[in-house]
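Asker: Could you have a look at this structure, given as structure tokens, before my questions?
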Amino acid sequence: MKEAVRTLRRGVGHWQDVDVPYEAARTRALLAQALRAHGDTEAALLELRAARAAFERLGALPDLKKTDETLYREAPPEIAPTSARDRKTLLFTDIVNSTNLIEVIGDDSWFELRRWHDQTLRSLFSAHSGEEVDHTGDGFFVAFDAAEEAVACAVAIQRTLAEHRREHGFAPEVRIGLHTARPSRVGRGYGGKSVHLAARLCALAGGGEIVASHETLDDLEWRFSILERRSVAIKGISTPVDVVFIEWR
């Protein structure tokens, strides 16, 4: 069983290195099973939560449902899903065309670039009181108590990357999605429709864009400029969603 755990851990690392988040999440779920069989319940639950966050972000609903069933059944009370629903602004980031970028610059340069990207974004999350919920592949999931801080953080990310581009010639193109709601608390993370919607808004954005739900900009338009308003159909959401594209330049 120890060998199975080691092999699956290597597998998770491999899928992350080649930027295949779905296979990484599937392997994490298998790793959780192996850890559970080995008697390491706490580590198994950590892997399950990481897999769950990735499935939700990717919109892999059958895998998400199966993971939820396992997590809800096996999580001890202190880290089981709760009904707490504090108002949060959820932020997702993602590097655009990362697979193509790896092919162009090679693995070593990609690892160094991702290290710089992760450090840079984490410093901005911290400066704006963001809570890092998950980091999968080359993207982040961060929660903020205040919508204003979340939007300001998104703007700061794009401006920081643009400045680095001007001064050093290159920085990765990042897209950002934001949604304000009362998400379900799942252990130390968040789940439910609001998380799915925030991740989908990130996928809707292009490189260098910030897309937010209408709810996120309520009472904040005095501070942030809007490029465009649009009503869009979101996979898994029954009704069109009103979104805004935020000007950051």
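The values are calculated or read from the model by the stated rules, or taken from the named source; none is laboratory data. The structure presented is a predicted model; accordingly, all values stated were derived computationally and were not measured. No Cβ is skipped: glycine too gets one built from the backbone with ideal geometry, and neighbour counts run over all protein chains shown.
Asker: Would it be correct to say that residue 148 is over 27 Å from residue 22 (Cβ atoms), of a type in the set (D, E, K, R) and not assigned by TED's automatic domain parsing to the domain that holds residue 23?
Answerer: yes
Asker: Within region 199-229, can you find the residues that are under 19 Å from residue 57 (Cα atoms) and part of a strand (DSSP E or B)?
Answerer: 210, 211, 212, 213
Asker: Could I ask something else about it? Would you kindly identify the strands (runs of 3 or more DSSP E) lying entirely within region 80-198 that contain at least 1 residues that are on the phi < 0 side of the Ramachandran plot and modelled with pLDDT of 90 or more?
Answerer: Details: elements: 88-95, 131-136, 139-144, 174-181, 184-186, 189-191.
Answer list for region 80-198: 88-95, 131-136, 139-144, 174-181.
Asker: I would also like to ask the following. With the condition kept exactly as written, say whether any residue in region 219-238 is free of Cβ contacts under 8 Å to residues at least 40 places away in the same chain and within 27 Å of residue 118 (Cβ to Cβ).
Answerer: Our first condition is that a residue be free of Cβ contacts under 8 Å to residues at least 40 places away in the same chain; within region 219-238, this holds for 219, 221-222, 225-234, 238.
From what is left, the residues that are within 27 Å of residue 118 (Cβ to Cβ) are none.
Checked region 219-238: no residue is free of Cβ contacts under 8 Å to residues at least 40 places away in the same chain and within 27 Å of residue 118 (Cβ to Cβ).
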